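Read-outs: derived from the displayed coordinates by stated rules, not from any lab. Just so it is clear, the model here is predicted, and its values are computed rather than measured. Quick reminder, even Gly has a Cβ in these numbers, built from the backbone with ideal geometry, and neighbours come from all protein chains shown.
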Amino acid sequence: MPKSTLALCVALLWPAMSLATPSDGSEPQQAVVALAATAAVQPPATVILRGVVDSIDERNDTIRIRLSPDRIEPFKVQDGLLFNAVRFGDPVAFSVQDISGFRTIVGLTKE
């Protein structure tokens with residue numbers, strides 16, 4: 001193994017080796033708690049809604065959907081291909097997640 005490759009391996013693995021060798025009894029427990037907290041991160045909640053497409057705004061990546069006769073809401077679109085799939089007046093069922101503070105359509109089907 002060339003010296004540069006060996007040096008690179010040592011540089012990359014050294015921090016992991018230092019984490020794997022605890023100095024006292026409390027460090028392994030802290031590492032396990034930190035790992036469990038990281039693994040417990042939940043994906044955003046998905047809500048399934050139904051409505052009728054009211055308008056499409058490709059420039060702003062939004063679709064306005066009439067959820068009830070007196071309620072129209074704009075939703076961001078995660079996948080721009082959805083603009084080709086729907087038109088004004090199409091009844092749709094769609095999945096929404098809160099992504100970066102915006103209600104975003106992550107899945108859509110025409111009914």
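Annotations
- By other beta-carbon atoms within 10 Å, ranking ARG103, ARG71 with the fewest at the front produces ARG71, ARG103.
- For GLU111, GLU73, the sequence from fewest to most other C-beta atoms within 10 Å is GLU111, GLU73.
- A cut-off under 12 angstrom between Cβ atoms defines the neighbours of THR62, and their net charge, with Lys, Arg +1 and Asp, Glu -1, is -1.
- Between PHE88 and ASP70, the simple spin-label model (points 7 angstrom out along Cα→Cβ) gives 2.5 nm.
- Amide H contacts under 5 Å for GLY107, placed H, 5+ residues apart: SER95
- Ranking of ASP61, ASP79 by count of other Cβ atoms within 10 Å, fewest first: ASP79, ASP61
- Gyration tensor verdict on the stretch 60-111 (Cα atoms; rounded if a/c is under 1.5, prolate if a/b is larger than b/c, oblate otherwise): oblate
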